[in-house]
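Comments concern the structure below.
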Amino acid sequence: MITKKLFGTVSDNFNYGKEVYAYTLANDSIELTVMEYGATILRARVNTPAGWRDTVCGYDALRSYEEAEGYLGAVVGRIGNRICRGKFSLDGVDYSLYINNGVNHLHGGKRGFDKKLWTATVSDDAVTFSAVSPDGEEGYPGTLTMSVTYTLTAEGGFKIAYRATTDKKTILNLTNHAYFNLAGEGYIGSHKILIDADRYLPTDDTLIPTGEIKSVKGTPFDFTEEKLISEGLEADDNEDIVIGGGIDHCLVFADRGEGVKERATVTSPDGSIVMKVFTDRPCVQFYSGNFLGDERYPFRGGKPQQRRHAFCLETQSMPDAINHENFLDCTLSAGEEFVTCTEYRFSVK
Ligand code: BGC
């Protein structure tokens with residue numbers, strides 16, 4: 001069942017006064033609400049024996065999504081994460097992107113895909129958001145035509161399917177920036193987590209990968225056996241944790257061939273919700289919400305926004321890949337199609 005409701009009206013200069021609709025996909029186990037602005041996940045409620053529980057953080061008002069910096073639940077791109085100094089070259093041409101994060105370019109720039117008003121198409125069981133990013137937008141080459149489809153799965157999850165084509169070679173790293181808290185609120189440290197990643201990308205103090213692809217063995221980033229998030233997050237004797245201000249790192253999945261694989265399992269502090277992440281992407285940016293805490297933008301229902309009270313598992317490719325020869329290819333050429341999907345699947349006790 002899919003229902004549609006007005007969420008708000010845009011107040012920025014680009015789409016001033018336009019109405020933004022939210023769509024709720026619901027079955028007996030899960031209720032997912034997504035909206036046209038940013039193709040954003042507003043809410044994901046899971047049905048537990050003790051009642052429905054919020055698992056994804058959101059704001060009450062559209063204005064917060066327009067103004068705040070956290071990219072809550074949004075589709076981010078054209079390049080998710082950072083590009084060093086906003087510079088790259090592709091086929092001998094140098095490109096300069098908007099600098100919006102210290103000295104770097106982050107999540108698509110001044111007006112990334114999180115600020116786009118996407119067009120919704122609703123079918124029996126899916127909501128698809130479509131948008132075009134013009135050639136030169138935020139400094140990127142090529143007209144990018146894309147869609148993001150949300151569906152509920154029979155196994156108790158929601159799936160995000162991305163598609164994109166370009167008319168000229170470009171770079172692309174789309175992901176979703178949902179902030180999870182399986183307890184609904186509170187410090188995330190007591191969630192248990194397992195991630196099928198045997199390597200990670202250390203960063204410099206501007207959070208740009210140094211270029212090294214390092215084994216997680218013996219580091220706080222080793223989640224190959226289930227452990228508390230706090231065990232990694234609070235390892236403040238580790239240089240990479242200190243530099244990153246916590247966990248804010250790209251973890252590289254173990255090589256298990258092509259296709260969708262189960263890559264992460266997170267258990268709520270009370271053990272009543274288990275979330276599994278399935279994806280065909282090669283990496284995940286595990287972000288422990290270190291920069292949350294902007295008091296001007298409380299979460300749903302007036303809950304204070306607090307540092308490390310939510311985490312993101314942004315399935316993607318390697319950040320700043322275009323500037324590192326040893327990183328995975330992030331280019332998309334004319335005639336190719338970018339097709340990828342990620343499912344967040346919940347089970348309850
Ligand atoms: C990044 C963080 C950044 C956050 C913005 C994450 O994907 O890894 O460094 O601050 O997005 O909300």
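For Thr210, work out the one condition from (1) touching a residue at least 40 places away in the same chain (Cβ under 8 Å); (2) surrounded by fewer than 16 Cβ atoms within 10 Å (Cβ to Cβ) it doesn't fulfil.
(1)
Restricting the stretch 58-96 to residues that are open to solvent by 60 Å² or more (accessible area, probe 1.4 Å) and charged (D, E, K, R), which is farthest from the ligand (Cβ to nearest atom)?
Restricting to residues being open to solvent by 60 Å² or more (accessible area, probe 1.4 Å) and charged (D, E, K, R), the top hit is Asp91.
When the stretch 124-159 is examined, which residues are found to be more than 19 Å from the chain's Cα centre (by Cα), open to solvent by 20 Å² or more (accessible area, probe 1.4 Å) and among the hydrophobic types (A, V, I, L, M, F, W, C)?
Hits for the stretch 124-159 are Val132, Ala154.
Working only within the stretch 279-316, note down all residues that are among the acidic types (Asp, Glu) and within 12 Å of the ligand (Cβ to nearest atom).
Asp294, Glu314
For His249, state whether it is within 16 Å of the ligand (Cβ to nearest atom) and touching a residue at least 12 places away in the same chain (Cβ under 8 Å). It would help to see each step written out before you state the result.
Numbers: within 16 Å of the ligand (Cβ to nearest atom): yes; touching a residue at least 12 places away in the same chain (Cβ under 8 Å): yes.
Answer is yes for this residue.
Would you point out which residue out of Gly218, Gly259, Gly302 is within 21 Å of Leu42 (Cα to Cα) and not charged (D, E, K, R)?
Gly302
Which residues, counting only those in the stretch 10-27, are more than 24 Å from the chain's Cα centre (by Cα), modelled with pLDDT of 95 or more and open to solvent by 50 Å² or more (accessible area, probe 1.4 Å)?
Tyr16, Lys18, Glu19
Can you name every residue in the stretch 122-136 that is under 12 Å from Arg78 (Cβ atoms), touching a residue at least 40 places away in the same chain (Cβ under 8 Å) and not hydroxyl-bearing (Ser, Thr, Tyr)?
Scanning the stretch 122-136 gives a single hit, Ala131.
Please determine whether any residue of the stretch 50-57 is within 16 Å of the ligand (Cβ to nearest atom), crowded, with 17+ Cβ neighbours inside 10 Å and within 23 Å of Phe299 (Cβ to Cβ).
The answer is yes, given that some residue of the stretch 50-57 is within 16 Å of the ligand (Cβ to nearest atom), crowded, with 17+ Cβ neighbours inside 10 Å and within 23 Å of Phe299 (Cβ to Cβ).
What residue, among those in the stretch 97-123 that are open to solvent by 70 Å² or more (accessible area, probe 1.4 Å) and assigned to a strand (DSSP E or B), is nearest to the ligand (Cβ to nearest atom)?
Filtering first and then ranking leaves Thr119.
For the structure I just gave you, tell me whether Ile30 is buried (at least 21 other Cβ atoms within 10 Å of the Cβ), farther than 21 Å from Ser11 by Cα and away from the ligand (no atom under 13 Å from the Cβ).
Answer is yes for this residue.
Given the residues Gly70, Gly92, which is the only one that is under 30 Å from Lys169 (Cα atoms) and free of Cβ contacts under 8 Å to residues at least 40 places away in the same chain?
Just one listed residue meets the conditions, Gly92.
Would you pick out the residues in the stretch 262-312 that are open to solvent by less than 10 Å² (accessible area, probe 1.4 Å) and over 15 Å from His177 (Cα atoms)?
Ala264, Val266, Ser268, Ile273, Met275
The values are calculated or read from the model by the stated rules, or taken from the named source; none is laboratory data. All values reported here derive from a predicted model rather than from experimental measurement. With ideal geometry, Cβ positions are generated from the backbone for all residues, glycine too; neighbour counts draw on all protein chains shown. Please note that ligands, DNA and RNA were not included when accessible areas were found on the heavy atoms of the full protein model with its side chains. Shrake-Rupley method; radii C 1.70, N 1.55, O 1.52, S 1.80 Å.
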